[in-house]
Ligand SMILES: [Zn+2]
């Protein structure tokens with residue numbers, strides 16, 4: 001009889017497993033707590049089956065059962081004893097004729113099938129929940145990665161030009177350090193007009209022949225000076241660091257541009273900048289420009305340090321009247337807070353000297369920037 005039960009059980013379970021959408025893998029079920037008691041199946045089998053009730057007690061435990069103390073030993077121990085008794089009694093009877101026993105077996109099988117189905121469903125639900133959890137975790141991870149990427153600043157481009165994609169209109173966009181180039185409201189150059197004519201103090205120059213180096217930095221020809229050249233204005237003393245050229249002139253005077261300009265960049269002890277601009281027009285040759293051109297490097301970014309000295313005084317016009325306003329560097333990063341001093345009287349350079357520069361830089365001037373209500377003062 002036991003063999004028959006085992007055989008039938010196996011057959012039915014296999015049949016159920018084959019029909020289930022999620023067949024059991026391996027042996028032991030993974031979700032025990034989800035198993036429902038087989039009591040309903042037993043109840044439907046009828047109260048006449050006393051042995052069936054005993055069998056129900058030997059079925060799977062309800063979770064709350066574990067918390068209820070049972071006097072006189074565990075329910076499982078009792079029921080297994082009863083089962084043995086009933087089994088023994090059954091064995092005494094003739095085999096194959098016990099209808100009651102067959103009903104009992106059917107009920108048992110029904111219970112086991114229900115139990116196995118419950119386990120399968122529970123496992124399936126657990127797997128679906130795990131898959132959903134994994135999907136949510138992956139989505140969260142992806143969202144975090146996107147947010148992180150959005151937080152990172154765009155790649156910084158150090159290259160800028162006077163035309164095209166990396167030209168003045170885009171300087172502020174291509175590098176976050178250059179934001180002032182587009183967002184600033186104290187930018188240079190400007191069209192100098194409607195200046196307030198006042199008794200501007202004289203700029204005091206203390207320039208002398210100095211050793212220097214020349215570099216073509218890809219934007220202009222620049223001369224870097226050894227120390228010792230000073231300009232004093234507004235009770236501040238600024239030291240001349242370097243001068244460089246633009247073609248055409250960046251600044252305009254009442255709308256008028258000039259062929260070239262030299263910018264002489266000074267800095268005081270606090271790091272504040274003052275740029276002296278001297279406009280250049282066609283005329284006599286400039287001795288200081290000739291000294292620079294004589295020492296032009298053969299390659300870009302190759303520095304030439306000649307043995308001769310250069311005298312920045314040679315850039316200063318005879319008349320020292322000037323315009324002044326607060327502006328910025330005219331190249332990236334377009335730093336503001338720069339004191340501009342624009343000499344009213346232009347200096348001259350020979351057409352050949354200008355032609356030489358234009359072969360290197362036919363255009364290296366930033367467009368005019370909005371005045372934005374700034375005060376411009378000029379010498380009477
Ligand atoms: Zn400049």
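Since every read-out is calculated from the coordinates, none of them should be taken as a lab result. Because the structure is predicted, anything quoted here is derived from the model rather than measured. All Cβ positions, glycine included, derive from the backbone under ideal geometry; neighbour counts span all protein chains shown.
Tabulated results
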{"item": "Ranked 302, 260, criterion: other C-beta atoms within 10 Å, fewest first", "result": "302, 260"}
{"item": "Paramagnetic reach from residue 301 in region 174-218 [backbone N under 15 Å; point 7 Å along Cα→Cβ]", "result": "215-218"}
{"item": "Burial ordering of 329, 240, 363, fewest other beta-carbon atoms within 10 Å first", "result": "363, 329, 240"}
{"item": "Separation of alpha-carbon centers, region 137-173 and region 117-132, rounded to whole Å", "result": "45"}
{"item": "Gained length - residue 183 relative to residue 318, 0.36 nm times residue gap less alpha-carbon distance", "result": "44.8 nm"}
{"item": "Euclidean distance of C-alpha centroids, region 306-380 and region 206-275, integer Å", "result": "7"}
{"item": "Footprinting exposure proxy for 305, 358 (fewest neighbouring C-beta atoms within 10 Å first)", "result": "305, 358"}
{"item": "Net length gained if the chain between residue 159 and residue 267 were fully extended (0.36 nm per residue, minus Cα distance)", "result": "36.4 nm"}
{"item": "Theoretical gain in end-to-end length, residue 143 to residue 284 [0.36 nm per residue, Cα-Cα removed]", "result": "44.0 nm"}
{"item": "Simple spin-label estimate for residue 374 and residue 194 in nanometres, 7 Å along Cα-Cβ", "result": "1.5"}
{"item": "Estimated FRET transfer efficiency (residue 293, residue 151; beta-carbon r; R0 56 Å; 0.05)", "result": "0.65"}
